[in-house]
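S.K.: Below is a structure I'd like to ask you about.
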Amino acid sequence: MTKQVTSPPGIASLSTMLKQVQLSLDGEEMVELLWLALQMGGVEEAPTQLRLDDENQSAIAQTLVHEFDASQATPPPVVTDSLPTSVPAYLPKPSPEQAQKKTASQGMPFKAPAAPGLRNSLALARALRPLMRKVPSQTKTILDEEETVTQIAEQGVWTPVLKPAPERWLDVVFVIEESRSISIWQEIITEFQKLTELQGAFRSVYTWCLRTDEDNAIRLFPKQNLSANQQRPRSPKELLDPAGRRLILLISDCISPIWRQGKIHDLLKLWSNSAPFAIIQLLPERLWMRTAMGFGFPVQLSASAPGVANTQLIVDGLPVWEDVDVANAIILPVITLEAESLKQWTRVVAGVGNTRTAGILFDLSLIDAQSPASIDSSQFSPAELVNRFRATASPIARRLAGLMAAVPVSLPVVHLIQETLLKESTQVHVAEVFMSGIIQPLTSDSVISQGEFIQYKFVEGVKELLIDSVPIPDTETVLEEVSQYIARKLGLSIKNFTALLSSNPDWDKAKQEEIIPFAQIATQTLYRLGGDYAALAKQLERKSQVVPRHIEPSNNSPQFLTFEFEVATIIIEDEENTIPEIDLQPFEFEVATIELKQSGWFRRKTELVVNRRRQQAWSYIENLENGVQLEMVAIPEGSFLMGSPEDEPERLSRESPQHRVTIKPFFLGKYPITQAQWQAVASLPQVNRKLDPNPSRFKGENRPVENVSWRDTIEFCERVSQYTRKPYRLPSEAEWEYACRGGTTTPFHFGETITSDLANYNANYTYGQGPKGIFRKQTTPVGSFGVANAFGLYDMHGNIWEWCADHWHENYEGAPVDEIPWLKIDNDNQIRLLRGGSWNNDPEFCRSAYRNDVVAGLRLNSVGFRVACAAA
C-alpha cells in the first residue's frame, strides 16, 4: 500500500502569498481573515510543500524526531606612488551602464554568516518576568465555579456567577527608528523582537517604524499592514492606550539629525506624559555622551505604583548646582539590551519597591535646538580623522577598522570578518567604526527609507592609512577569507584571492559584476602592501591585454592612467596553483533495473524482475592521509529534464516546473564520503573551522559519515582542495539530479519503483507497485548492494541524505538552466538543500526528483554528503 502525504496549505504559505500582494498581517488579523473566508464558502485544497517544520503528516519531520537520541547534543538553533588607485583587476570590460553603477568603493551585495546578535537571550527572557502578571479583563468573563456553587447551596439559585477573566497585563509597541546607522543593529533588533514575542509576557506585540523625510520631518508607519509605499503617516497618538496598559519602546542609537536638532522632543514628550515609555539604547553607556543623550542629565528613576506614565516616576541624581525644571522636562528610562539593565527597568514598571533604573532627563530650556550634527568628515584631513578615531575607539574597534580597510565596506563583509577573524568583537565595536567619521554611506536617504541595503566607503585617503597600520599577514588573511566566501557564493572553486582576480571566459555577466568591486579593492591593497604583493599586481597586469583609454588630469594630484581591460584568461605560472594532471582509469560495474511484469489469471499478479547488466565508466583515485583513498567518477556532459513530471506518483509542487538543464562534465564521488575518509581529512590542517573526527552515530569505516552539517562539509572540501590542489566542492542540485538519474526519466534510476534488495530505506512502505521489504533502521556500508546507476554511482537512493551547494527555493520558477548552484543574494546562509533520501525515509522521499530543505547548521544521523570536482 502506498503511503499518501497530503495536508492543507500551511500558515507560512498563506503569509507568503499575502506578502506577494503587499499585505503583511499580524496573527489576529490573519485569524479574522481565515474566519471570513470560511463564512464566504469552502476553500479549495491545494497540495502542500513539505518542509522540515511542518507538524501535519510530514515523514521528514518524523525522521528528525527519531534521529536524535539521548546521547547526542542538542542541535544548533534553527566579512605608491605613481600607481593607479584603482585597477579593474583583469576582468572582462564592463559596459558603460555597469561602469556607472559599479565603482571601486562599492561593497559586495551578499550576506555572510555572522554570530547571533544577542549573546544573552536566556538572561534577557528572564529579565522580562516581572511584567508577566495577569489582571482582570474588562471585556471577557469566565465562570466563577466557587461562587456559583455557594449561590446554589445557600440561595437555591441555579444561575452561573461570572467573573472577569485573567489576562496578560500589558501590550508592547516597538517603535524602530529607521536611520543610516540602524542597519548596523538590524540583526539584534530582530532577535530581540522575536524573543519578546515568544516570551508570552504581553497581550500583543506591535511594531511601528519611525522615519524622516527630506526635511527631517518625523513620520510614523505601522509595520503590520500594507507595505510602506502604500501607507499614509499615522498619528503618534494612535500608540496610546486610554487604559494605560501599553508600553512604548523606542529603539534607537540617538545619533540621527532629529535627535541633535531637537525635532524628536515633541514626540518624546507626548509619549512620556501618557504612558510607560522607554528608550532602548543600542550603544553601551560609555558611548552615550557621544549621542544626543549627552544633552540631558543622567538620573535614576523609580516608581511607587505599577504601570505609571514617565511623568509620575521619582527622579533622583540631578546635580544640585543646576536649576532644572523637572515638571516640564522629558523623563526617559533608558535600557540597554543587557539582562541587568532590562531587569531593573521591568521591576520599576511593575512597581517593585526600592528598585531604580537608569534614565535621562531633558530640560528643553537648556538644550540648544540647533546642536551640531555628527562628525563632518570634510572638515578634517584623512590623518586627522584616523587620529581622532584611534584616540577614542576601543582596541578591538581599531583592529576591526584595519581589517575592514582591505576589503569592500559592507555589513555582510564586516560580519564575515567578525565571525572568522575577530570573534571577540560585537556590534558595539562595529558601531564605533561606523560612527567615527572615517566611513561614509553611498546610499541616498530615499533608498534608506525604503529599507534597502546600504553601501559604505572609507573617506578618501583613510583606507591607505589603516592598511599601513595592519600587519601584512593579517591583511592577507582578510583577502583570503573574503575571496573564498565570494567564490563559494558564486559556485567557484579557487585556491586564493589571486585566482579570484583572474578572469575566466566561462564566467557569466552576473559573476563578473559580483567580483569587480572586490577585485578593484584587492588590487589597491596589493599595491599598498608593496614588495612581492605589488610585484604580483604588476605581473598580473602584464599578463592582461591592457588598452589605455584616456588620461584624466587632476588639479591637485599627479596624472593617472585609467585602464580598460579586454577579456583575458590569466594563468598563474606557479606550481602551487597548477591543478595536477588526472589519470583516468576505466572500471566496470553492475547496473540494475526493475521491470514489473503481469502474470497469472487475467494478469492480476504483478511480478518484480531485476535485470542486471555490466557497464564501464572512467574514474580516478585521490590518495588521502593514512592510505585512505577517494574514488571520483567522470560524469559526461549532457542535458536532462530537471524535476518530476505531473503524473509521477507522490510528486510535490516543489519539484516543478520541469525545465531542461545543460550540464558540463565534472567528477562526482563514486560513494558518499565514508567515516574513514572523513577521519583522514579531519586530520589535515584546519582552514576555517574544526571538524569532529568521529561524528557518526552508526560506526564503521566504510559506512557513510553522518551527523555533519553543511558548514562541516564545506570545511571538508576546502581541506581536500588544499591538500590535493584540485577544486573539490559540493555538487549543485542540478548536477546531483543529473548524476542520480544517469540518463533515466523514471522516479528512480532503477525504474518505476524501488526494492530494499537494491537500496537502504524504510521499506515498511511501498512506492507504486513495489513490494514491502526490510527496514534496517541504520546506515549500511557504501556500495554494499553491489549495483550502481548508468554513470557508475552507488547509493544515490537512500542510505543517507546528501548536501548540495544551492540555497533553498520553494520551486523551480526562475531556476538556472545550467549546472551553476542557484543562490540568493538575500539568503542568510541558513537554508540549504538535501537530496536522495535516507535509511529512515519512505521510498517517495528517495526519488531522483525529491528536494528537501534543511538548516545549514543542523547535524542529523541521516545526513551526509558526497563531493564533486570541477577539474573535469
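The values are calculated or read from the model by the stated rules, or taken from the named source; none is laboratory data. Note that this is a predicted model, so its numbers are computed, not measured. Using ideal geometry, Cβ is built from the backbone for each residue, glycine included, and neighbour counts are taken over all protein chains shown. Accessible surface areas use protein heavy atoms only, side chains included; no ligands, DNA or RNA. Shrake-Rupley method; radii C 1.70, N 1.55, O 1.52, S 1.80 Å.
S.K.: Of a type outside the set (Ser, Thr, Tyr), more than 20 Å from Gly296 (Cβ to Cβ) and within 31 Å of the chain's Cα centre (by Cα) - does that describe any residue in the stretch 210-218?
M.R.: Yes: one or more hits.
S.K.: Identify the residue in the stretch 448-490 that is assigned to a loop (DSSP other than H, G, I, E, B) and in contact with a Leu (Cβ under 7 Å, 6 or more places away or on another chain) and, among all such residues, is modelled with the highest pLDDT.
M.R.: So the residue we want is Val459.
S.K.: Could you please find all residues in the stretch 692-747 being part of a loop (DSSP other than H, G, I, E, B) and under 21 Å from Tyr485 (Cβ atoms)? Quick ask: steps written out before the conclusion?
M.R.: First, the residues of the stretch 692-747 that are part of a loop (DSSP other than H, G, I, E, B): 692-703, 705-709, 725-727, 730-732, 742-747.
Matches in the stretch 692-747: Val708, Ser709, Arg725, Lys726, Pro727, Leu730, Pro731, Ser732.
S.K.: While we're here: Check every one of the strands (runs of 3 or more DSSP E) wholly within the stretch 209-291 and list those with 1 or more residues that are open to solvent by 40 Å² or more (accessible area, probe 1.4 Å) and modelled with pLDDT of 85 or more.
M.R.: Working: elements: 218-222, 246-252, 277-281.
In the stretch 209-291, the matching strands (runs of 3 or more DSSP E) lie at 218-222, 246-252.
S.K.: Just checking, how many residues over the stretch 144-202 are farther than 30 Å from Lys263 by Cα and among the hydrophobic types (A, V, I, L, M, F, W, C)?
M.R.: The qualifying residues number 13.
S.K.: Checking the conditions here, which among Ala815, Ala805 is open to solvent by 10 Å² or more (accessible area, probe 1.4 Å), outside any loop (DSSP other than H, G, I, E, B) and in contact with a helix residue (DSSP H, G or I) (Cβ under 9 Å, 6 or more places away or on another chain)?
M.R.: Exactly one of Ala815, Ala805 is open to solvent by 10 Å² or more (accessible area, probe 1.4 Å), outside any loop (DSSP other than H, G, I, E, B) and in contact with a helix residue (DSSP H, G or I) (Cβ under 9 Å, 6 or more places away or on another chain), namely Ala805.
S.K.: So which residues in the stretch 302-315 are farther than 15 Å from Asn273 by Cα and either touching a Ser or Thr at 6+ places or on another chain (Cβ under 7 Å) or surrounded by 14 or more Cβ atoms within 10 Å (Cβ to Cβ) (or both), if there are any at all?
M.R.: Ser302, Pro306
S.K.: Out of Asn852, Asn789, which single residue is at pLDDT 90 or above, of a type outside the set (D, E, K, R), more than 25 Å from Ser696 (Cα to Cα) and open to solvent by less than 10 Å² (accessible area, probe 1.4 Å)?
M.R.: Criteria check complete, one pass: Asn789.
S.K.: Residues in the stretch 156-188 that are touching a Gly at 6+ places or on another chain (Cβ under 9 Å) and under 23 Å from Gly200 (Cα atoms): how many?
M.R.: Final tally of qualifying residues: 6.
S.K.: Return the residues of the stretch 699-712 that are crowded, with 20+ Cβ neighbours inside 10 Å and over 19 Å from Gln629 (Cβ atoms); say none if nothing qualifies.
M.R.: If the condition is that a residue be crowded, with 20+ Cβ neighbours inside 10 Å and over 19 Å from Gln629 (Cβ atoms), then Glu706, Asn707, Val708, Ser709, Trp710, Asp712 are the ones that fit.
S.K.: For the stretch 338-429, which helices (runs of 4 or more DSSP H) that fit wholly inside it have 2 or more residues that are at pLDDT 85 or above and over 27 Å from Ile188 (Cα atoms)?
M.R.: 382-392
S.K.: Output the qualifying pairs, or none if there are none: Cβ atoms under 7 angstrom, residues six or more apart or on different chains, first residue in the stretch 396-412 and open to solvent by 10 Å² or more (accessible area, probe 1.4 Å), second residue in a loop (DSSP other than H, G, I, E, B) and hydroxyl-bearing (Ser, Thr, Tyr).
M.R.: Ile396/Ser425
S.K.: So Glu752 passes all but one of these: (1) in contact with a strand residue (DSSP E or B) (Cβ under 8 Å, 6 or more places away or on another chain); (2) on the phi < 0 side of the Ramachandran plot; (3) surrounded by 19 or more Cβ atoms within 10 Å (Cβ to Cβ). Which condition number does it fail?
M.R.: Only one criterion in (1) in contact with a strand residue (DSSP E or B) (Cβ under 8 Å, 6 or more places away or on another chain); (2) on the phi < 0 side of the Ramachandran plot; (3) surrounded by 19 or more Cβ atoms within 10 Å (Cβ to Cβ) is unmet by Glu752, namely (3).
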